[in-house]
Each structure stands twice: as structure tokens, then as C-alpha cells.
Amino acid sequence: MRSLFVVFICFTTHVFAGNDAFIKSRELFPDAGTSPHDKQQSLLNATKRALRQAELTGDERAIASCKYQLGKLFYTNGAFSQSIRYHHEALRLFVRLGMDTMAAQVHSSLGTTYYFARQPELAMYHQGLAFKLFKKHNDIPGMARTLTRMGHLREKEGYPDRALTLHLEALKYCRKSENPALYSEIYENIGSVYEDKESYGEALKYFNEAYGLNSRLHAEESATVNLNNIGDCYRKMGDFRQAAMYTNQALKKARATNNRYEERSALRDLYKIGVGEKNYQNAHAYLDSAYAISEAIYSDESAQQIALLGTFYELEQKDREIELLDKNKRNAQLTAWVYLLAGLLIFLILFVIVWRQRIRIKTDRRNLRTQEMVLETQQKLMQVELDNAHLRESKLSSDLQNQFLLERELQQELQLRSQALSSHTLQLIEKNGLLESLQHSLLKALKAEGAEKNRLLREVARQIDFSFHRDRDWSNFEDFFSQVHTSFYDKLKAHLPDITRTEQRLCALIKLKLESKEIAIILGITVDSLRIARYRLKKRFKLEEADSLGSFIELL
């Protein structure tokens, strides 16, 4: 019989150890609240009315706040899917309005909701976003609260070391804010981590710190949780007397504040203490009491959720009916406006048609008169153009004749200048020939004696006197050459700025296509000297070996 009783106790212990997410959500964050059923319904009705009014006025800030409040209400009552939907709608509005602090609060609340909806990855993701926004605005309490909630999530995921790191970091921020309620929450969470790590001495230290703060703040519900946790630590350490003392204090506070969740938790712990002390009779009594409270909680909460969802459904139905009425009203107004606009449009179209017809008649008359005037003007213009054409033809004929006479005159002048240039070229050839003859006569005079020598010298003097009259030959040659080949010397200087006068004369004679012998006579040098001069000039122009100096000069 005793063995069957022990098996029953073990089975019921396992059942009570697996609390559902809805009841656990009451214990994780004290600010979630435990409102009575009628208060929850009144809050829901008031929030929905406020939301409807905000939507009518288009106040996006009020709409976001109402949806956030609805999300928290549904979370408190375990309707997590509806809670998540309203949280996200509120979040989108707060982000669009640039209200980062409210967006951070929604992220944090949404993270908590996702945790109890069994989506821990999304829960941690939203808590992380909340922390970033709180940090952006240097909200120290918000950062501390978010960090400790992230630590709690890590603890429930089975990472106590990570959880402890986050809680201790939250504690550092909390010291900057001097917020006793936040201190107690963090101490409670740190104690819970140490309890999971089986460091019961450290856990008791932080649980006692939390209990002291909550007692001074008269936070009876949180103090009850602390007492339950202290008693549980003593039980796990095997000190059943201390465990029973603290757990009974928790039970007393829970009954005084009508906190059935903590009352049930205290009864469960007393049951475990009884089992540890092998006082199975008391354990069974505590277990029966806990079981009865649990049934009452489940029954009340189920009824509350059903009633709340029913209320929500009714409100949704009313909202849809109101929306339908508004839609019908808008459609009726729209129809009236359509008829009115259609009538105005028809009147406007008829008016425009008549007005455009009158305008068209006036325009046609005006165009007809204009066309007559244009036709008359065109006839006059055609006559003027015809007269101008005759004048232009006469002028063109005169211009062509003048141009023909001018070209013929220019050709004649060019021919005369070419003849003069050729004449000067021949004169240069003759002069150089004379100089060569003088050279021979002087050589003979040097060899002759007496009267023959005097005669030869007089002949030389006569020839020199004759050549004085032709000293200006080169000057005249260059003038005539420049007139025929106007830009030749400028082009030479462009290619060779430091060209000498002798090199200019050589280039001019090459331009005239004279034979090498004739050029040598004009310049008074030998043919070999001329060949050397041409070679040096080719190098100065930087021509290749295969390039022709004559072709190069011809192109200038």
C-alpha cells in the first residue's frame, strides 16, 4: 500500500512540475498583473473603444498605444497569437512615428510573449532589439530590465553561465539608476541561476536581498515569490526545518493577498518537504490542497480566456458591423457624389461643345479672311521675288564677268612675275658666270707682265664695274619669289627657326626645280659643295635617308 502511495506521489509531482506557459507567464515578470475577469473585460472593452475612436480620428500614436495595450491584455490572458498580432501592428506604427522608446518597450514585451508561445529564438531576437533601442537613448532602467529578461531566457534554455553574465551586466546598469524594484527583480533572477547551478548558498544570498527590497517596497506578491524560492533552496540543501518555515511564511502571504498561484506553489513545496521528511500523510494533504487550487486555477483561467475571447469576438463582430455601416454610408455618399459629378460633367460637356462650336465658327471666318490676305500677300511677294530674281541674275552675271576678268588679270600678273623670277634667275646665273670669268682673268693677269698685264687688269675693272649695276639681283629675286610663293619662307622658318640666309636661297632654288649645275653656278659653289649643302640641310630638317629633300620642299 505504501509503495502505491509513493508511486502516486511521484506521478503527481511530475504533473505539477510541468506548469503550462500561461501560468508561468505570471511568475516571470511581476508587472504582468493578475486582473480579475470583470476588470479584464472592462479593460478590453475600453481599449477597443479607444482604438475605434483613434482610427476614426486618424491619430496613429493613439492607435499604436491601444494596439500595444491589447497585445499586453491578450498576453496576460494566455491568448498569445492575438497578442503577437497586436504587438506587431503597434510596433510598425511606433517605428514609422519614430518613437524609439515605445518601440523598445514593444520589442521587450513581444520577446516575452514569444517565449511563452514556445518560440525562444524570436523571443531573444526581440529582446536584443529592445536593448539596442534602450541603449541608443541611454535608457538605463530599460537596458537593465531587458538584460535580466534576456538572462532569464538563457536560463530557461539551459545556459546558466550565459544567463548569469547577462544578469550581472544588468546589475551594473541597475546601480546607475537606483531602482529598488528593478534591483529585486535582478537579484531574484541571479538567485534562480545559482539555484539551477546548485550553488544554493549564493542563491540564498540573492533571494534574501530580493526579499529585503520587496519587503521595504511592500511588494507582497514579489516577496511571496522570494520566500517560496528561499524555502525551496533550503529544501534542496536538506534543511527541511528552515524550508518549512520559509514556505509556510510564503503560504501565509499568498493567502493574505489571495495569490492562488503562489499559494499553489507553496503547497507543492510543502508537499516536497513532506516527502523529503518521509511524512507522507502531511505530504498527501498538501498535495490534495495544491491539486484543488490547480483545478480551480485552470477552471477559472479557462473560463476567463473563453469569456475574454468571446468578448473579443463580440467586439470584432461589432467592429465589422460598424465598418460595414460606415462602408455603406460611404458608398451612399460616394454614389450621391458620383451622380452630382456626372450631372456637372454632362452640363460642362454640353457647355464646352456649344462654346467650342461658336469659337470654331468665329475662327473659320477669321481664318478665311486671313487666308485671303495671305493669298494677296503671297502674290505680291511672288512678284517681288520674281523681280529680285531678275536682279540677282543680272548681278550674278556681272559678278561672274568681273571674277573672270580678275582671274585673267591675276593669271597675267602671275605669269609676268614668273617671267621676272626666271629672268632674275638667269641673271644670277650670268653674274656667277661673270665672277668665274673674272677669276680666270685675274689668274692670267697675275701670270702676265707689262702692257699685257695692264690690259687684263683694265678688263677686270670694266667687268666689275658692269657687275655693280646687278648687285641688287638677289634682293629682287627674293622679292619676286615671295610674291609668287607667298608663305614659303614662313613655312621654312616654322620647320627650322634658325635657318640661314644661304639655306633659304638653296631651298628657293630647289623649289624652282633648277638643275644642280645651275644652282651651283647661282650660289657660286661647286657641284660637290652643293651636294654636301643639300645633305646637311636634309639632316637639319630631320628627314629619313629614303626621303627626298626636293619632294619635302615642293610640299611647302
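The values are calculated or read from the model by the stated rules, or taken from the named source; none is laboratory data. Not measured: the values here are computed from a predicted model. Note that we place each Cβ from the backbone using ideal geometry, even for glycine, and neighbour counts take in every protein chain shown.
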Check your understanding: Which of the following residues is free of Cβ contacts under 8 Å to residues at least 40 places away in the same chain and either farther than 30 Å from T47 by Cβ or among the hydrophobic types (A, V, I, L, M, F, W, C) (or both): K380, K329?
Key -> K380
Check your understanding: What residue, of Y286, Y298, is of a type in the set (F, W, Y), buried (at least 18 other Cβ atoms within 10 Å of the Cβ) and assigned to a helix (DSSP H, G or I)?
Key -> Y286
Point to revise | Subset tally (residues that are closer than 14 Å to M150 by Cα and of a type in the set (S, T, N, Q)) for the stretch 166-214 | key: 2
Exercise for review: Could you tell me whether H126 is in contact with a Gly (Cβ under 6 Å, 6 or more places away or on another chain) and assigned to a helix (DSSP H, G or I)?
Suggested key: yes
Study note, to complete from the structure: Per the filter on the stretch 491-510, residues within 14 Å of L523 (Cβ to Cβ) and in a helix (DSSP H, G or I) are R501, T502, E503, Q504, R505, L506, C507, A508, L509, I510
Check your understanding: If you scan the stretch 56-113, which residues turn out to be among the hydroxyl-bearing types (S, T, Y) and within 20 Å of L43 (Cα to Cα)?
Key -> S65, Y68, Y75, T76, S81, S83, Y86, S109, T113
Practice item. Would you point out which residue out of A64, A104, A90 is in contact (Cβ under 8 Å) with a residue 24 or more places away in the chain, buried (at least 24 other Cβ atoms within 10 Å of the Cβ) and under 16 Å from A144 (Cα atoms)? Key: A104
Exercise for review: Just one of (1) surrounded by 12 or more Cβ atoms within 10 Å (Cβ to Cβ); (2) modelled with pLDDT under 70; (3) within 22 Å of I522 (Cβ to Cβ); (4) out of contact with any His (no Cβ under 9 Å at 6 or more places or on another chain) trips up F488, so point out which.
Suggested key: (2)
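So that you can scan it fast, the table gives a plain yes or no per residue for (1) in a helix (DSSP H, G or I); (2) farther than 19 Å from I519 by Cβ; (3) at pLDDT 70 or above; (4) small (G, A, S):
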position	(1), (2), (3), (4)
G433	yes, no, no, yes
L442	yes, yes, yes, no
V460	yes, yes, yes, no
R470	no, no, no, no
N476	yes, no, yes, no
F480	yes, no, yes, no
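A quick yes/no check of all residues on (1) under 30 Å from Q483 (Cα atoms); (2) part of a helix (DSSP H, G or I); (3) modelled with pLDDT under 85:
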position	(1), (2), (3)
Y339	no, yes, no
F351	no, yes, no
K362	no, yes, no
N367	no, yes, no
Q383	no, yes, no
A389	no, yes, yes
R392	no, yes, yes
K395	no, yes, yes
Q403	yes, yes, yes
Check your understanding: Does any residue in the stretch 250-269 that is assigned to a loop (DSSP other than H, G, I, E, B) come within less than 7 Å, Cβ to Cβ, of a residue that is buried (at least 24 other Cβ atoms within 10 Å of the Cβ) six or more places away or on a different chain, and which pairs are these?
Key -> T257/T224; N259/T224
